[in-house]
Amino acid sequence: MIHKLSVLPISIFLVILYFLFSGLSKDPTLIPSPLIGKPVPEFSSTTLFEKKTITNTDLLGETYLLNVWGSWCYGCSIEHDFIMDINSKKTIKIYGLNYKDKRFAAINWLEKKGNPYKSIIFDDTGSIAIDFGVYGAPETFLINDEGIVIHKHIGPIDQAYYKKIILPVIEK
């Protein structure tokens, strides 16, 4: 005879196992963002190189990518060559959000690897990134000409992301 108390641990184990296996089929780069369909958060900061003020309203009027990166970020190094490639195609403008970095480290990193960004928002405290709901770098936002967030991608972007998400928006 099975004891009633021995059924409880088995039931709990099966429930945990179900949730673990159901999570394996989900894409971790598709974490939902509350910003999708909403305006870019208001911000005002300096640019990385020129130290000029840049705000969210300065970016209105064009569809663009906002790439969150840092010189300390391994994933950013992985995606950087592809971001350089996107920039060379001249199909979409790319702005950078330099996240929790030292200004001199970020500038040195770009001088070595190349600068694909039209302009770079300097966010050394991470406060702008927090308003965007950034989990960490790299993250990329696709934003339309009205300043509405269309898509958010967590992790390094690649050719598949470019073809599946960015190109259809550009071709409209």
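The numbers here are math on the coordinates, done by the rules we state, and not lab data. Given the structure is predicted, the values throughout are model-derived calculations rather than measurements. Here Cβ is always computed from backbone atoms with ideal geometry, including for glycine, and neighbour counts include all displayed protein chains.
In which sequence would PHE82, PHE122 go, from the one with the fewest C-beta neighbours within 10 Å to the one with the most?
Lowest count first: PHE82, PHE122.
Where does each of GLU171, GLU146 land when they are ranked from fewest to most other beta-carbon atoms within 10 angstrom?
Taking fewest neighbouring Cβ atoms as first place, the list is GLU171, GLU146.
Calculate the FRET efficiency for ASP85 and ALA105 from the Cβ-Cβ distance with a Förster distance of 22 Å, rounded to the nearest 0.05.
Here the calculated transfer efficiency is 0.40.
Set the Förster distance to 35 Å, then compute FRET efficiency between GLU171 and SER44 from the Cβ-Cβ distance, nearest 0.05.
0.60
What is the sum of charges, Lys and Arg at +1 and Asp and Glu at -1, for the other residues whose Cβ falls under 11 Å from the Cβ of ASP101?
Result for the neighbourhood of ASP101: +1.
Which of VAL169, VAL134 has the fewest other C-beta atoms within 10 Å, and how do the rest follow up to the most?
Least to most surrounded, the residues fall as VAL169, VAL134.
What net charge do the residues around ILE143 carry, taking every other residue with its C-beta under 15 Å from that of ILE143, with Lys and Arg at +1 and Asp and Glu at -1?
Cβ neighbours under 15 Å give a net charge of -2.
Given bins 10 angstrom wide, list per bin the percent of all Cα-Cα distances in the stretch 29-171, short to long.
Whole-percent P(r) values from 0 Å outward: 12, 48, 36, 4.
What nm distance separates the two modelled labels at ASP131 and THR55, each placed 7 Å from Cα along Cα→Cβ?
Roughly 1.0 nm, to one decimal.
Please report the net charge: other residues with Cβ closer than 14 Å to the Cβ of GLU79, K and R +1, D and E -1.
My count for the surroundings of GLU79 gives -3.
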